Amino acid sequence: MTLQERIDLSETHVCSTVFPFLTNHHDTLFGGKAMSIMDEVSFMAATRFCRKTLVTVSTDRIDFNKAIPSGSIIEAIARVQNVGRTSLKVKVEIFLEHMYEEGRELAIEGVFTFVALDENKQPIPVLEGLDIE
């Protein structure tokens, strides 16, 4: 399997409805909840990519481009963007769909960095042991 094929196969999509208990005092998706969704979907994509134990070590800039109102549908899409020796970066985009309207728009985007760990919690190569051409 090539690196690109592995990246393509690990792309992860998660959809949710934004219910009132997920919103802030402005009746829009709470930023901390959005970041939690992003971390989780990026973790899934990273794990699917390398099938190793991973931890989140950082986030690169998260842009909240559009408020997401209660009663919306969101889709979080995570895709491996860069692979280092012991780490990988995953880009996450959250798209907003209004429940009763056509179309969708990019609302939030950010990049999460993960490090692969061994059983002693020491960094290990992300691609070691994988069948990458």
Looking at 109, 102, 75, which one is over 19 Å from the mean Cα position of the chain (by Cα) and among the acidic types (Asp, Glu)? 102
Which one of these is touching a strand residue (DSSP E or B) at 6+ places or on another chain (Cβ under 6 Å), part of a helix (DSSP H, G or I) and aromatic (Phe, Trp, Tyr): 49, 43? 49
Search result, residues across region 1-57 that are farther than 18 Å from residue 127 by Cβ, in contact with a helix residue (DSSP H, G or I) (Cβ under 8 Å, 6 or more places away or on another chain) and β-branched (Val, Ile, Thr): 12, 14, 56
Hey, could you check region 14-40 for residues that are free of Cβ contacts under 8 Å to residues at least 12 places away in the same chain and assigned to a helix (DSSP H, G or I) and say which is most open to solvent (accessible area, probe 1.4 Å)? 21
Please go through region 59-83 and pick out each residue that is over 18 Å from residue 23 (Cα atoms), open to solvent by 60 Å² or more (accessible area, probe 1.4 Å) and at pLDDT 95 or above. 59, 79, 81, 82
Could you look through region 92-133, keep only residues that are without any contact (Cβ under 8 Å) to a residue 24 or more places away in the chain and under 13 Å from residue 77 (Cβ atoms), and pick out the one that is least open to solvent (accessible area, probe 1.4 Å)? 95
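The values are calculated or read from the model by the stated rules, or taken from the named source; none is laboratory data. Please read all numbers here as calculations on a predicted model, not as lab measurements. Every residue, glycine as well, gets a Cβ built from its backbone with ideal geometry; the counts of neighbours run over all protein chains shown. We work out accessible area using only protein heavy atoms, side chains counted, and drop any ligands, DNA or RNA first. Shrake-Rupley method; radii C 1.70, N 1.55, O 1.52, S 1.80 Å.
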